[in-house]
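What follows draws every value from the coordinates through simple rules; no lab data is involved. Note that the coordinates shown come from a computational prediction; the quantities given were computed from them, not determined experimentally. Here the Cβ is made from the backbone with ideal geometry for all residues, glycine too, and neighbour counts use every protein chain on show.
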Amino acid sequence: MNKYYINGIGCVSAQDTSNKDLNFNDYSELDQGVVPVFKPNYRDYIKPAMIRRMSNGVKMGVVASAIAMKEAAVDLPEAIITGSGMGCLKDSEKFLENIINNEEQYLTPTSFIQSTHNTVGAQIALGLTCKSYNVTYVHSATSFESSLIDTMLMIDEGTEPILVGGVDEIGPHTTEQHKLVDHVKKEEDLQKGILKSNSKGAVFSEGAQFFVLEKKKIKNTYAQLVDVAIYDELTKEEVIIKMYQFLEENELKASNIDVIIMGNNGDVGYDSYYKIFQEKDFKNTQQLYYKHFSGEYNTASAFGLWTACKLFSSQNIPEVLKLNEIKVSSINHILLYNQYQGKSHSFTLLSSC
């Protein structure tokens, strides 16, 4: 088995994450139920004539991938692997709206063509003139992790460098449906912060994070991707068992983990999955969270991986990410755990280089 090194990262999110001059202390905790992406200067990455024809998700993906490839000094990847839970959602909604309004007649195919989940990966490939392996995984909240697993398999087969990422966007109609079933937090519940909201639902947002992985280290390598595991439905007891199995397979114990990064989103119905780690197995480990900056979306765990890479690079843990006050002298192993509404559980293990 090869080693998998993360040599470039790019992020477009609800924060100004494309600006390298800013860090976590410059970001603002999300205080609205639905928060759109912070739009970078797209003209710096995309030709103006093309911008107006691109959906929001495509623009986010193109920018994040461009930043990652520039950091890794990669001009053309040997594969592009994308994870997306909902794809280009706005175009999907637009197409369905046209079907209804036009009574299924006289429909133009543009919105349908641009609505498919693989649109982002395809547009990135077109811009790069990349004719290599290109696939998109659609597995709800483990879409990004599925992409990482495929990336590892491709590198084992000799394909590198690989551009891998996750991207999801907000759709107004879909968001309204989520509000009706209390999946979205009310603004009045966010006055004291996401974790103190004591209510159902999460802050919904959108974003794109891309990474360049290779089997060789470079001067600016962020971290080594050690392993990834995904599961569908697990009880809280089963989550603990799977976590120990995952670590044992990688010859580690819970005590070897310097930092655990979890996907707490303030949903009182499901944050209890994280509390079992916080209060028992990792109570003496530095615990962090990130969705107060990224918001919740199907591939938000990619923002967690981006956060971990930043921590390896700086070897410094900002106070704004901390869930507890355990001190850590150096960061050698980071474990990421994410789930959404008790389903789509994932573990991702990273090590320093």
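A few remarks follow.
- Taking the Cα centre of the chain as origin and assigning +1 to Lys and Arg Cβ atoms and -1 to Asp and Glu Cβ atoms, the resulting dipole is close to 820 debye.
- The charge dipole of the range 4-214, taken about the Cα centre with unit charges on the Cβ atoms of Lys, Arg (+1) and Asp, Glu (-1), comes to about 500 debye, rounded to the nearest 20.
- Ascending count of other beta-carbon atoms within 10 Å, so fewest first, for Tyr297, Tyr27, Tyr106, Tyr222: Tyr106, Tyr27, Tyr222, Tyr297
- Spatial separation of Cα centroids for the range 107-183 and the range 224-295, in angstrom: 25 Å
- The trypsin sites (Lys or Arg not before Pro) of the range 259-333 meeting both criteria, a DSSP state outside H, G, I, E and B (loop) and at most 16 other C-beta atoms within 10 angstrom of the site's C-beta, are Lys283, Lys327.
- The GluC sites (Glu not before Pro) found in the range 72-145 that occupy coil by DSSP, while having at most 16 further C-beta atoms within 10 Å, are Glu103, Glu104.
- For Lys70, the lysines whose Cα falls under 28 Å of its own Cα, not counting residues fewer than eight places away in the same chain, are Lys3, Lys20, Lys39, Lys47, Lys59, Lys131, Lys215, Lys216, Lys217, Lys219, Lys291, Lys310.
- Formal net charge of residues neighbouring Leu234 (Cβ-Cβ distance under 12 Å; K, R +1; D, E -1): -1
- Cα-based shape type of the range 4-214, given that a ≥ b ≥ c are square roots of the gyration tensor eigenvalues and the cut on a/c is 1.5: oblate
- Charge-dipole axis of the range 4-214 as Lys and Arg at +1 and Asp and Glu at -1 on Cβ define it, positive-most pick from His139, Gly171, Ala73: Gly171
- Which of His183, Gln224, Met243, positive extreme of dipole for the chain (C-beta unit charges): Gln224
- Comparing Ile81, Ile218, Ile317 in a Gaussian network model of the chain, where Cα atoms under 10 Å apart are tied by springs, the biggest mean-square fluctuation is seen for Ile218.
- Shape call, the chain: gyration tensor on alpha carbons, a/c limit 1.5: oblate
- Residue exposure sequence - Ser330, Ser301, Ser313 - by fewest surrounding Cβ within 10 Å: Ser330, Ser313, Ser301
- For the range 224-351, the dipole from Cβ point charges (+1 on Lys and Arg, -1 on Asp and Glu) about the Cα centre works out to 340 debye, to the nearest 20.
- Structure remark: mean-square fluctuation, Gaussian network model of the chain, C-alpha springs under 10 Å; the largest value among His333, His178, His117 belongs to His178.
- Selected from Ala66, Ala49, Ala79 as most flexible by GNM, with the chain as the system and alpha-carbon contacts under 10 Å: Ala49
- The chain, relative contact order in percent, only Cα pairs under 8 angstrom and at least six apart counted: 25 percent
- Filtered GluC sites (Glu not before Pro), the range 285-353: DSSP coil and at most 14 other beta carbons within 10 Å: Glu325
- Of all DSSP beta bridges confined to the range 4-214, the antiparallel ones make up roughly 55%.
- By the count of neighbouring beta-carbon atoms within 10 Å, fewest first, Thr221, Thr235 end up ordered Thr235, Thr221.
- DSSP beta bridge pairing in the chain, given as percent antiparallel to the nearest 5: 60 percent
- Volume per residue of the C-alpha convex hull in the range 206-338, rounded to whole Å³: 123 Å³
- Using the Cβ-Cβ distance between Ser314 and Lys39 with R0 = 30 Å, the FRET efficiency computed as 1/(1 + (r/R0)^6) comes to roughly 0.70.
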